[in-house]
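Asker: Got a structure for you, questions after.
The values are calculated or read from the model by the stated rules, or taken from the named source; none is laboratory data. Model, not experiment: these values are computed from the prediction. Ideal geometry is used to build each Cβ from the backbone, glycine not excepted, and the neighbour counts take in all protein chains shown. Accessible surface areas use protein heavy atoms only, side chains included; no ligands, DNA or RNA. Shrake-Rupley method; radii C 1.70, N 1.55, O 1.52, S 1.80 Å.
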Amino acid sequence: MVDMIVIGAGAAGLIASITAARAGHKVMLLEQNNKIGKKILVSGNGQCNIDNKYINLNRFHSQNPAFIAAVLEDYGFEVVEKFFTSIGLELIEGKEGKMFPMSLQASSVVELLEYEAKKVGVEILCDCTVTYLNKEADTFTVETSQGTKRCKKLLLASGSPAAPQLGGSNSGYAFASKMGHTLIPRHPSLVQLCSEEKWVKACAGVKVAGIAQLYANGEQITEKKGDLLFTNYGISGLAILDLSREVSTRLANYDYCELNLDLIPELSKEKLTNLLLNRLNEGSNKPLTTWLQGVLNKKLIHIILEQSKCKAKLESELNRKEVGKLVYAIKNLKLSINDTKGFKGAEVATGGINTTEVNPQTMESKLVPDLYFAGEILDVDGDRGGFNFHFAWVSGLRAGTNS
């Protein structure tokens with residue numbers, strides 16, 4: 001029997017295993033995939049956006065925000081950086097406080113974590129699927145595809161159903177639920193959005209730097225600035241990923257969701273109006289579909305003309321009123337949203353184990369002694385930019401230190 005079994009060799013499980021083993025515990029780490037850290041390997045387009053230098057509570061989400069505040073207290077970026085320095089990984093800063101390994105290779109992160117884990121005595125079992133959990137007296141019994149394992153302490157760090165192609169699953173919730181924990185419903189987050197509107201297919205591949213406003217049942221909910229990428233199924237891009245959490249939640253409540261897209265945010269309504277008016281040549285027979293190519297991607301022009309209800313067909317037919325219609329459509333392009341790309345397209349998931357049942361100082365269950373949780377299995381998710389990783393590292397550190 002080992003002192004501790006950790007289920008899930010992702011960010012939280014790896015750092016918790018190392019920390020617990022450093023403290024002298026005999027640790028076994030179980031991973032259902034054929035190798036550890038699969039989600040780490042694909043993060044940041046393979047460069048691994050490992051953390052964010054500027055940790056702020058408003059970049060994290062939960063039904064119990066007080067839990068996040070307690071977990072993160074005294075565990076800022078410097079604590080995480082110190083851990084990675086201790087295993088030989090140097091970090092560098094990118095845009096918006098994003099931190100990366102100096103090598104800009106996610107594989108560096110995984111290989112150094114694996115080396116450190118083995119160095120401090122962690123036994124890692126890959127291709128090891130957990131099929132049953134039970135606790136009797138002070139011993140956990142863990143049935144796996146590689147036989148029965150027993151331990152005194154158990155850490156569930158099995159992630160969320162996001163990215164099932166990388167091993168994401170709901171298995172950890174099922175085990176937690178069996179042990180009496182309540183679950184907050186899960187929805188995809190940091191995910192692409194789908195639309196049934198036919199025009200988006202014609203615009204597939206077009207990418208602009210814009211602003212996306214989300215409306216639910218006609219009420220403005222939030223807005224995000226960044227890339228907008230039109231696709232065959234709907235829309236993606238950084239601005240879309242950033243507001244997808246709200247969309248998922250609203251769609252789950254059967255709200256009608258619509259995006260208002262500003263395709264030229266760098267120009268105010270007045271400046272864009274003046275720009276277009278100054279471009280007018282009296283008597284020109286240039287079709288509007290050609291004239292607008294001076295300011296817009298031509299794939300977008302058809303839908304702008306359609307939504308604007310502009311009556312002019314030729315440049316010479318434009319006046320201030322018709323230009324005003326065009327400007328409004330360019331800065332308020334409407335796109336209804338009917339779905340997301342689901343957990344398969346999601347980087348993270350909302351919801352999870354109810355954090356009111358977990359001690360934020362130790363990550364230990366308040367219901368089952370010696371049962372711990374870390375990472376995305378909990379009802380905590382973060383914004384894009386390294387915040388999900390930060391919570392995984394910190395919760396793993398707390399669990400490993402206090403187990």
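Asker: Mean separation of Cα pairs under 8 Å and 6+ residues apart, divided by the residue count of segment 263-403: what relative contact order is that in percent? Mind showing how you got there, number by number?
Answerer: Working: 144 pairs, mean separation 26.7, N = 141.
It comes to 19 percent, rounded to a whole number.
Asker: For a quick check: with amide H placed at 1.01 Å from N, whose amide H comes under 5 Å from Thr222's, ignoring anything fewer than 5 positions away on the same chain?
Answerer: For Thr222, whose amide H was placed from the backbone, the distant partners under 5 Å are Leu214.
Asker: The list (1) 29; (2) 15; (3) 11 gives values of percent of Cα pairs over 39 Å apart, and only one came from this structure; which label was calculated from it?
Answerer: So the calculated entry is the one marked (1).
Asker: Could you calculate the contour length gain from Asn253 to Ala69, that is, 0.36 nm times the residue separation minus the distance between their Cα atoms, to one decimal place in nm?
Answerer: That pair, Asn253 and Ala69, stretches by 63.5 nm at full extension.
Asker: Could you tally the net charge around Ala209, taking each other residue with its Cβ under 9 Å from the Cβ of Ala209, Lys/Arg +1 and Asp/Glu -1?
Answerer: Result for the neighbourhood of Ala209: 0.
Asker: Mind telling me which of Ser248, Ser308, Ser169 comes out most flexible in a GNM of the chain, alpha-carbon contacts under 10 Å?
Answerer: Residue with maximal mean-square fluctuation among Ser248, Ser308, Ser169: Ser308.
Asker: Using modelled backbone amide H atoms (1.01 Å from N, in-plane), which distant-in-sequence or interchain residues come within less than 5 Å of Ile353's amide H?
Answerer: Placed amide hydrogens put Ile184, Leu378, Asp379 under 5 Å from Ile353.
Asker: For segment 59-142, what does the relative contact order come out to in percent, with C-alpha contacts under 8 Å and a separation of six or more? List each step's numbers first, then the result.
Answerer: Values: 39 pairs, mean separation 11.3, N = 84.
Reported as a whole number, the value is 13 percent.
Asker: Report, to one decimal in Å, the Kirkwood hydrodynamic radius for segment 1-112 based on all distinct Cα pairs.
Answerer: It is 15.4 Å.
Asker: Going by alpha carbons, how many degrees (0 to 90, nearest 10) lie between the helix axis of 320-331 and the longest principal axis of the chain?
Answerer: The answer is roughly 10 degrees.
Asker: Next up: Which of the three applies to segment 107-154, rounded, prolate or oblate, going by the alpha-carbon gyration tensor with a ≥ b ≥ c and a/c under 1.5 meaning rounded? Please report the intermediate quantities before stating the final value.
Answerer: Values: a/c = 3.32, a/b = 1.94, b/c = 1.71.
Prolate is the answer for segment 107-154, as a/c is 1.5 or above and a/b outweighs b/c.
Asker: Something else: Which whole number in µm²/s is D for segment 227-350 by Stokes-Einstein, with the Kirkwood Rh taken over Cα pairs at 25 °C and 0.890 mPa s?
Answerer: 151 µm²/s
Asker: Take the alpha carbon atoms of segment 277-314, find their center, do the same for segment 1-50, and report the distance between the two centers in whole angstrom.
Answerer: 56 Å
Asker: Which whole-number percent gives the relative contact order of the chain, counting Cα pairs below 8 Å spaced six or more residues apart?
Answerer: Here the relative contact order equals 24 percent.
Asker: In whole Å, how far is the Cα centre of segment 205-238 from that of segment 251-268?
Answerer: Cα centroid of segment 205-238 versus Cα centroid of segment 251-268: 6 Å apart.
Asker: Using alpha-carbon positions, what is the distance between the centroids of segment 326-403 and segment 111-127, in Å?
Answerer: Answer, in whole Å: 25.
Asker: Near the amide H of Ser284, under 5 Å away, which other amide H atoms are found, from residues 5 or more places off or on another chain, if H is placed in the peptide plane?
Answerer: Close amide H contacts, sequence-distant or interchain: Ser316.
Asker: Let me ask something else. Based on DSSP, what percent of beta bridges with both residues in the chain are antiparallel, to the nearest 5?
Answerer: Working: 52 of 68 bridges.
About 75 percent, rounded to the nearest 5.
Asker: Leaving out ligands, DNA and RNA, and with a 1.4 Å probe, what % of the accessible surface on the chain is carbon or sulfur?
Answerer: Within the chain, the accessible surface is 48 percent carbon and sulfur.
Asker: According to the square roots a ≥ b ≥ c of the eigenvalues of the Cα gyration tensor, what is the shape class of segment 159-230, taking rounded for a/c under 1.5, prolate for a/b larger than b/c otherwise, and oblate for the remainder?
Answerer: Prolate, because a/c is 1.5 or more and a/b exceeds b/c.
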